[in-house]
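The structure under discussion appears below in the form of structure tokens.
What follows is calculated from the coordinates using simple rules that are stated; it is not laboratory data. Computed from a predicted model, the values in this text were never measured in an experiment. Quick reminder, even Gly has a Cβ in these numbers, built from the backbone with ideal geometry, and neighbours come from all protein chains shown.
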Amino acid sequence: MSQDCFHCGLPVPNGSSYYVVINDKQQPMCCTGCKAVAEAIVENGLTDFYKHRTTNSKKAEDLIPEELVVYDNESLQKSFVHSEDGTIREASLVLEGIVCAACVWLNEKHVLALPGVIEFRINYSTSRASLKWNNDQIKLSDVLQAIVDIGYSAHPFDPGRMETLQKKEKSIALRRIALAGMGMMQVMMPAIAIYIGEDTDMSESMLHFLRWISLIITTPVVFYSSRVFFTSAWRDLKRRHFGMDVPVSIAIGSAYLASIWATVTNTGEVYFDSVVMFTFFLLLGRFFEMGVRHKAGQVADALVRLLPQTATRLEKDEKGNEIQNVIAANELSLDDRVIIKPGETIPADGKVVEGSSSVNESLLTGENMPLQKQIGDELIGGTLNVESPLTMQVMKLGDSTMLSSIIRLLDRAQSEKPNLAKFADKGAAWFVLALLAVALVVFIAWWFIDPSRAFWVALSVLVITCPCALSLATPAALTATTGNLTQKGVLTTRGHALETLSKVTHVIFDKTGTLTHGRHQLIGIDVLGESNETRCKQLAAGLEVASEHPLAKALSETSSSHQVFENLSAVSGKGVVGFHQGEEYRLGSYHYVNQLANHDLQDSKLDHVIDTPISTVYLGKQGHWLAAFHLQDEVREESKSAIQSLLQAGIDVSLISGDNEAAVKSVAETLGIKNYQAKLLPADKLNHVQALQVKGEVIAMVGDGVNDAPVLATANVSIAMGKGSQLAQASADMILLSEDLNQIPASISLSKRMQTVIHQNFSWAIIYNVIAVPIAAMGFITPWMAAIGMSMSSLLVVLNALRLK
């Protein structure tokens, strides 16, 4: 007697003697590969996988890639691995062979058990996995091999391959819909004849023949098109979870089986037309839902495709002449000089060293107008050079680029589930359980009223209810809104951000780099000690190496050369400190430097630098004041209109800053902000926000500097400027890539529209079910009518959400 392989399901060859003990029973294997995979599963205590899987696993030899060790190459990893310190690394992977939740469970359990793996999460709907590991303890190839050992394959996320997988999923869905659609059209002909024949003199033999024709047409629809519902329902029931496909499967299965019984025994009613119509309309609704789900991941995929495949690097030949060499973009190194011709895409982050041109950054920032770039200006990988050739020095590559950072933040936002979605999922599960109970009660009631109608009335109740609308209400609206904002240069990085933004009552702005451009210009220097102006500039430039503050760039550019300091460090909200030739120097606020200078400035000099609408930075060393640098910033053109839009919407606006009173007051009065505070340290800003939250205010904080990170993390929803510090962006829920402040009131308005649409969707789903269920329970709706009503309800929710785009 021939046997099938317990692992892959293929026949075991004659004479084969490969066996593995699984759950105390010896199971046959067809080859050494399947035997090795099964042994790996057993050795890791994961044999429950075989209980829960819904399909056989693939053969091991079909899964093992030729060379996994290639993914350990440091140069290759630059393109898809993120690492802060070189040890803790993160990567986005795509897993092939994921067909059910049991596959997700097995892979997550197996990989998380590996020493050195810190985090491993799989998104079942996209088959994408997020991996975080310690490279000193385990290599990426070891993780990939471990996945192969249990019968799957994994590779770094590739939008091209991801697109292929999505096309395959779409193709299968269309085939199911096509078969169900053809079946629906064909089955309606005998169904209409049966309905007419029952009221006329059609012979019993003809009616019986038409029923058999209907059965033949319906069977492939049930076993192919409807199979996806049965598989999902069985998986949910095994985990004692009542998902949306449970009532769907019960309705389709019971109607089909009851119709077979009626056909074979030639008694009772048949519902083949209802079965096929229900399958068709539900699959059509799921197809639209799948399109929305795919679009959710297309933003990140599109960003990955922005980078070009090649770059033109400037090199020296044997004679020392500079030549152009076209290479693969992933072969670039730091400090390489690259020429970007008009119409070409910038291959990495860098700065202009030769030439002048305009660059279109709209795909990243949402800003349609090209920006003029001169020598020294920054260039972002993935943006488009418009007019003239530019020569760029490469400053950042691979995972360090701005584009990669945006993609990581998008992945994080999509992996987090907002509260509304969690509530909808829980609500849908309880709804399904209540629905099954109601259908049972209706069946029993009608059995006593009219047994001949009991089954189809209960069937109509199962079919007409729409838990799908409840579960689609939130994710469809969130996806549409996120896509809309991303196109406008507003990047959502946290799942809860849009939900919270719609409830904001108070927006707090930082000043420098937020309401102002943050491009300070040095307008004057007061030398306060024995050093001359040139040396003071060199000292300031050397100290500002340790700072990310917007003032730092202006001071670092005051001198072509700078002094070298040791033990440099930045003190948040105060300044920077360092040692030069054994002496301690400080650059920052008056009070911070005065702690080192140890004596107040003369009154005349102090009056000169305080109570003016400019920013002043002081330089001093032990026992001495050295200089006061006066800088001025320019208010953003759109700041006033953005503030006015917020105030008109009934939202309070405040300005908090660590700058001097006169500078903050000047900006506040210019923009019409009545509530402002100056000279605040990070701790003071934090206390200010927390005090407002105690009063019940929902705070949105907008900032850009490293000193804004604590208060950004504390606010109910935080927005970082696109060119702000990386720490501020990491702490933020949203990033204003376009740096257009008008997008803040626009985003709040859109988030409120999103909430309205979600409430409309929930209201519709509830009202529809409250009205439809009693009507169906009273026997006024046939199953095929119920199928149309249920499918149209789901489609209405999706189409309503798409209005947000």
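Things worth noting here:
- Computed from the Cβ-Cβ distance with R0 of 51 Å, the FRET efficiency linking residue 530 to residue 638 stands at 0.65.
- Ranked packing of 558-569, 770-781, most packed first, by mean Cβ within 10 Å: 770-781, 558-569
- Across segment 174-190, computed HN-Hα scalar couplings (Karplus, 6.51 cos²θ - 1.76 cosθ + 1.60, θ = phi - 60°) run 5, 5, 4, 5, 4, 5, 5, x, 5, x, 4, 5, 6, 6, 5, 5, x Hz from first to last residue, x flagging Gly and Pro.
- Prolate/oblate/rounded label for segment 521-632 (Cα gyration tensor, a/c 1.5): rounded
- Rounded to the nearest Hz, the phi-derived 3J(HN,Hα) couplings of segment 334-351 under the Karplus curve 6.51 cos²θ - 1.76 cosθ + 1.60 (θ = phi - 60°) are 4, 6, 4, 9, 10, 9, 10, 7, x, x, 8, 8, 6, x, 7, 7, x, 9, where x marks glycine and proline.
- Ranked by the mean number of other Cβ atoms within 10 Å of their residues, highest first, the peptides 372-378, 5-11 fall in the order 5-11, 372-378.
- Estimated FRET transfer efficiency when R0 is 45 angstrom, pair residue 391-residue 521 (beta carbons, to 0.05): 0.95
- In terms of distances greater than 18 angstrom between alpha carbons, the cross-link table entries 341/553; 488/805; 511/723; 341/488; 396/537; 351/553 yield 341/553; 341/488; 396/537.
- Alpha carbon centroid spacing (whole Å) that separates segment 628-657 from segment 165-219: 66 Å
- Highest to lowest packing among 132-138, 587-593, 20-26, scored as the average C-beta count within 10 Å: 587-593, 132-138, 20-26
- Close amide H contacts of residue 22 (hydrogens built in the peptide plane, cut-off under 5 Å, sequence separation of 5 or more or a different chain): 27.
- Treating r as the C-beta distance of residue 200 and residue 788 and R0 as 35 Å, the FRET efficiency rounds to 0.85.
- Contour excess over end-to-end distance, with Cα ends at residue 219 and residue 269 and 0.36 nm allotted per residue: 16.3 nm
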